[in-house]
Amino acid sequence: MSYQCERCGKGIMHGHRVSHAKNRTNRLFRPNLQTLRVPDMSGIKHKTTLCSSCVRIVRQEVQKVQEVQNVREASKEVQEVQKIQ
C-alpha cells in the first residue's frame, strides 16, 4: 500500500525520535490514511485512499451534491403537480 493521499498527495515525512538524553534516531511520520468508497459525478462508487482531512472535505462535497439533487427533484415534483392542476 502506498502511504500517499490520492486527493492532496500528502505522504510520508522523515524526522527524528528524540529521547530525554537528546539522542536522535530516525523515524517516519505517516499520514492517517483511510480507504473510502466515494461516488463520482455519475454515481458510481470507487475505492480511494484519502487522508483524514480530505475525508472530511469529500464528505462535505458529497453532502452538498446530494442536497442539490434533492432540491432539483422537489422542484420537478412541484412542476408536475402544477401541470396536473
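Where a number appears in this text, it was derived from the coordinates with a stated rule and is not lab data. Here the structure is a predicted model, which is why all the values come from computation and not from measurement. All Cβ positions, glycine included, derive from the backbone under ideal geometry; neighbour counts span all protein chains shown.
For the reader, a short list of remarks on this structure follows.
- Chain lengthening between residue 65 and residue 25 when straightened (0.36 nm per residue, less Cα-Cα): 9.7 nm
- Volume in Å³ per residue [convex hull over Cα atoms, computed for the chain]: 99 Å³
- 0 to 90° range, to nearest 10: angle between helix 52-84 axis and the chain longest Cα axis: 0 degrees
- Placing unit charges on the Cβ atoms of the charged side chains and taking the dipole of the chain about its Cα centre, the candidate lying farthest along the positive direction among 71, 26, 38 is 26.
- Cα-centre dipole for segment 13-84 with unit charges at Cβ (Lys and Arg positive, Asp and Glu negative), debye to 20: 760 debye
- Rel. contact order, % - alpha carbon contacts under 8 angstrom, at least six apart, the chain: 22 percent
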